[in-house]
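Report on one structure; see the data block that follows.
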Amino acid sequence: MLAAGREGPADRASNTGATLIESFLPASAAGIIELLSPAPVGWGGTLLVGLLHSLEIAVGATIVGLLIGTWGAYGKLYGGPVVRDLFAVYTTVVRAVPELVLILLLYYAGTDLINQVLTAMGYQRVDISGLVAGIAVLGFVQGAYSTEVIRGAILAIPQGQIEAARAFGMSPGLLLRRITLPAMLPFAIPGLANLWLIATKDTALLAVVGFFELTLATRQAAGVTKAYLVFFLAAGVLYLCVTLVSNFLLGRAEKWARRGMPSLKEAH
């Protein structure tokens, strides 16, 4: 028998387990509510601000990616040999290099290059906003993937529609606005929707360069309170909510884009 006051191996293991659990979870449900409260005593407001910043970057990067992707798709399909080769190199390199490496390279090297050019031209160095830099970096990455999605969607358009528009004498700009963009939307939306969801997750990579978004806010809250499981689960729920709302809205958008077209069930 063990003497009074002495702990056996089972007791020590139990105490160690309790310590580990306490490091992940607060003492009670009331403690969890207090930690996640948006009031000043909790960290809920901090997480929501981080989520807002993540959505700002994701929306901006998606818009930039769509602009680059539309231009790139047209360049690869209808541009000259030099233009096609340039966009081929761009899409190949961006899709081949890990996104984190690209973000570090473009964020630090890109901002430094801009300031060096300004200095060479006689202007003062500028402090580039983290939000602008984040949108530009992720938009550049998104543009490569959007280029291939939009290019595939354009190729899926029945060529008879394009030829008929050209036979009526439509200019390239009018052809793009009246025929190509509306006709390619049903084919492009599923791929672009996937890229949007990827963009909402890629914002977490900007925490590496110190930009305040949801993942960095979660790390800060968990580091201060030591309630790692609570805060990372809360962040996961917020990301899941963004995904569910996005899926609903994008599903409605796809249904609108496919109006007048036979459903997949009818096609089979």
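Scanning the stretch 79-111 for residues that are exposed (fewer than 12 other Cβ atoms within 10 Å of the Cβ) and either of a type outside the set (A, V, I, L, M) or in contact with a Phe, Trp or Tyr (Cβ under 7 Å, 6 or more places away or on another chain) (or both) yields a total of 4.
Quick check on the stretch 19-28. Is at least one of its residues part of a loop (DSSP other than H, G, I, E, B), among the hydroxyl-bearing types (Ser, Thr, Tyr), closer than 18 Å to Leu238 by Cβ and modelled with pLDDT under 85? Within the stretch 19-28 (the criterion being part of a loop (DSSP other than H, G, I, E, B), among the hydroxyl-bearing types (Ser, Thr, Tyr), closer than 18 Å to Leu238 by Cβ and modelled with pLDDT under 85), the answer is no, since none of the residues qualifies. Selection of the stretch 68-107 for residues being assigned to a helix (DSSP H, G or I) and under 17 Å from the mean Cα position of the chain (by Cα) yields Ile68, Gly69, Val94, Arg95, Glu99, Leu100, Val101, Leu102, Ile103, Leu104, Leu106, Tyr107. Please specify each residue of the stretch 190-229 satisfying the condition of being surrounded by fewer than 20 Cβ atoms within 10 Å (Cβ to Cβ) and outside any helix (DSSP H, G or I). Of everything in the stretch 190-229, those that are surrounded by fewer than 20 Cβ atoms within 10 Å (Cβ to Cβ) and outside any helix (DSSP H, G or I) turn out to be Gly210, Phe212, Lys226. Taken over the stretch 204-228, the residue count meeting the criterion of being of a type in the set (S, T, N, Q) and within 15 Å of Ala58 (Cβ to Cβ) is 1. Among the conditions (1) touching a residue at least 60 places away in the same chain (Cβ under 8 Å); (2) farther than 19 Å from Ala61 by Cα; (3) of a type in the set (D, E, K, R), the only one that Asp112 does not satisfy is (1). Say we look at the stretch 113-159 and pick out the residues that are under 16 Å from the mean Cα position of the chain (by Cα) and among the aromatic types (Phe, Trp, Tyr); which of these is surrounded by the fewest Cβ atoms within 10 Å (Cβ to Cβ)? This residue is Phe140. Selection within the stretch 37-67: residues that are free of Cβ contacts under 8 Å to residues at least 40 places away in the same chain and assigned to a loop (DSSP other than H, G, I, E, B). The member of this set that is farthest from Gln142 (Cα to Cα) is Val41. Using the structure shown, decide if Val97 is free of Cβ contacts under 8 Å to residues at least 24 places away in the same chain and farther than 18 Å from Leu195 by Cα. No, not satisfied.
The values are calculated or read from the model by the stated rules, or taken from the named source; none is laboratory data. All figures in this text were calculated on a predicted structure; none of them were measured in a lab. Note: ideal-geometry Cβ built from the backbone for every residue, glycine included; neighbour counts use all protein chains shown.
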